[in-house]
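Worksheet: the structure to be examined is printed underneath.
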Amino acid sequence: MTQNIVDKIKESLGDKIIEIKTPADRRVFFTVSADNLLKVIEILGNDFGFRHLSTITGIDTVKNFEILYHFAISQVSLTIRVIISRENPEIPSICRLIPGAVLYEREIQDLLGITVKNIPDPRPIVLPDDWPSGNYPLRKDWNYEPPEEKIPGEKK
């Protein structure tokens, strides 16, 4: 069953796929470029029924960033992997195709500092409003510096 879906995806997406892996039955991973992401998600939704986005995961590999889009249908779980550079960390929003993705995309912006182009609501979602700009807690190079402790009523 998995191989049948993989063969159809390969046929439909052709050169848009950089790499494809099937590490287990009913599990498919493939890599696409950021430029092809929207077209790939559109084809997967329209032609294969992949419309349920389970989550989006962002990973800092030190060398670059990987954004993983996890989709599921009853027969297969599918993950689309996009590798983006640290020098220009941006990715297109998929919200025009999957509106619920906005929460995950906002989280990626907050925690990894990746720009999501054309996101409908770019406001921070996870970090506090007074969080210092340029501090991204899921980046490997982020150093946590605890804030100065403030004790109410303390004499100075």
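The values are calculated or read from the model by the stated rules, or taken from the named source; none is laboratory data. Nothing here was measured: the structure is a model prediction, and the numbers come from that model. Every residue, glycine among them, receives a Cβ derived from its backbone with ideal geometry; neighbour counts consider all protein chains shown.
Per-structure values
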item	result
Unique residue being buried (at least 18 other Cβ atoms within 10 Å of the Cβ) and of a type in the set (Asp, Glu) when the list is 7, 60, 35, 15	60
Index of the failed condition, residue 75 passing every other in (1) among the polar types (S, T, N, Q); (2) in contact (Cβ under 8 Å) with a residue 60 or more places away in the chain; (3) in contact with a His (Cβ under 9 Å, 6 or more places away or on another chain)	(3)
Those residues of segment 72-85 which are modelled with pLDDT of 95 or more and not hydroxyl-bearing (Ser, Thr, Tyr), in sequence order	80, 81, 82, 83, 84
Residue in segment 137-148 that is in contact (Cβ under 8 Å) with a residue 12 or more places away in the chain, in contact with a helix residue (DSSP H, G or I) (Cβ under 8 Å, 6 or more places away or on another chain) and either β-branched (Val, Ile, Thr) or loosely packed, with under 13 Cβ neighbours inside 10 Å (or both) present	no
Single match in 126, 116 (criterion: assigned to a loop (DSSP other than H, G, I, E, B), closer than 18 Å to residue 55 by Cα and of a type in the set (Val, Ile, Thr))	126
Residues of segment 41-57 satisfying the condition of being among the aliphatic types (A, V, I, L, M), surrounded by 17 or more Cβ atoms within 10 Å (Cβ to Cβ) and modelled with pLDDT under 95	41, 44
Residue identified as outside any strand (DSSP E or B) and buried (at least 19 other Cβ atoms within 10 Å of the Cβ) among 94, 67	94
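Results for (1) closer than 23 Å to residue 140 by Cβ; (2) modelled with pLDDT under 95; (3) under 13 Å from the mean Cα position of the chain (by Cα), shown as yes or no for each residue.
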| site | (1), (2), (3) |
| --- | --- |
| 39 | no, yes, no |
| 101 | no, no, yes |
| 108 | yes, no, yes |
| 121 | no, yes, no |
